[in-house]
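Worksheet for the structure shown next.
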Amino acid sequence: MKILMIEDNHSVCEMMAMFFKKEGWQYEFAYDGVEAEEKFSAAPHEWDVILLDLNLPKKDGMQVAADIRRISTTVPLIMLTARDSESDQVLGLEIGADDYVTKPFSPITLIARIKALQRRSQLSATQGAQHSNQDRFDIKTKHFKMDTKTREVYMYGKTVKDLTPKEFDLLKTLASKPRQVFTRSQLLQLVWDYEYYGDERTVDAHIKKLRQKLEAVGPQVIQTVWGVGYKFDDEGNE
């Protein structure tokens, strides 16, 4: 695995370097927003995970996150934030971050989050490889079809574009069991591969962004079940 950590605190970088070495991972650091964008844009397909501090010199981390997502919708992105504001965290998730860790953080916790993202990515690739060419779309409903190998999604005959890794996994989880209601806690465990200890707003933020992308191609298929969670249902849509 190769990690780009964007963090202006050199002490934090030195600490994480020890943990990355222990895991046998490759890594590089960028210490401001401008340097980060230069490193990422020079080789966007080279990175397996991006760790991004929001409080950066020269260019704000939110803008860096948005610019990274314009270049790549698939690279896993974890925000590192000392901001306590819920709106900041939700905004970061809406921009396209897959996860966030609040500072000060435990290095062990951050390593666990990275591994969880990696497990999900590997699981998707393995499941996709198991499908034959004769059955290209392994999730199909009335108006929806998904190829988990190529990560292509179609609704109402149109392509759903620019899904982030977490948005894709969230949609796959919901669409694989149409009309089944998933609680937020269940979605956190199934999609993020760990528990948020009661912090469930990340699900709502991803659902909001996912709905916006789905609405670009047709009627809304992700329904809110008030007081419970969410479900996928396209049966009633024509």
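The values are calculated or read from the model by the stated rules, or taken from the named source; none is laboratory data. What you are looking at is a predicted structure, and each value in this text was computed from that prediction instead of being measured. Backbone-built Cβ (ideal geometry, glycine too); neighbour counts: all protein chains shown. Quick note on the areas: whole protein, heavy atoms, side chains included, nothing else; ligands and nucleic acids left out. Shrake-Rupley method; radii C 1.70, N 1.55, O 1.52, S 1.80 Å.
Residues that are within 15 Å of the chain's Cα centre (by Cα), β-branched (Val, Ile, Thr) and either modelled with pLDDT under 85 or open to solvent by 50 Å² or more (accessible area, probe 1.4 Å) (or both) within the range 96-132 comprise just one, 101. Working only within the range 150-174, note down all residues that are part of a strand (DSSP E or B) and aromatic (Phe, Trp, Tyr). Correct list: 154 only. Is there a residue in the range 137-153 that is surrounded by 14 or more Cβ atoms within 10 Å (Cβ to Cβ), polar (S, T, N, Q) and either touching a Lys or Arg at 6+ places or on another chain (Cβ under 6 Å) or modelled with pLDDT of 90 or more (or both)? No: zero hits. Only one of the listed residues (220, 189) is closer than 19 Å to residue 117 by Cα and out of contact with any Cys (no Cβ under 6 Å at 6 or more places or on another chain). That residue is 189.
This table checks each residue for (1) open to solvent by 10 Å² or more (accessible area, probe 1.4 Å); (2) hydroxyl-bearing (Ser, Thr, Tyr); (3) more than 23 Å from residue 75 (Cβ to Cβ); (4) in contact with a helix residue (DSSP H, G or I) (Cβ under 7 Å, 6 or more places away or on another chain).
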| residue | (1), (2), (3), (4) |
| --- | --- |
| 157 | yes, no, yes, no |
| 163 | yes, no, no, yes |
| 180 | yes, no, yes, no |
| 191 | no, no, no, yes |
| 203 | no, no, no, yes |
| 220 | yes, no, yes, yes |
| 228 | yes, no, yes, no |
| 235 | yes, no, yes, no |
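Among residues belonging to the range 205-218 that are open to solvent by less than 20 Å² (accessible area, probe 1.4 Å) and at pLDDT 90 or above, point out the one that is farthest from residue 160 (Cα to Cα). Per the stated criteria, the residue is 207.
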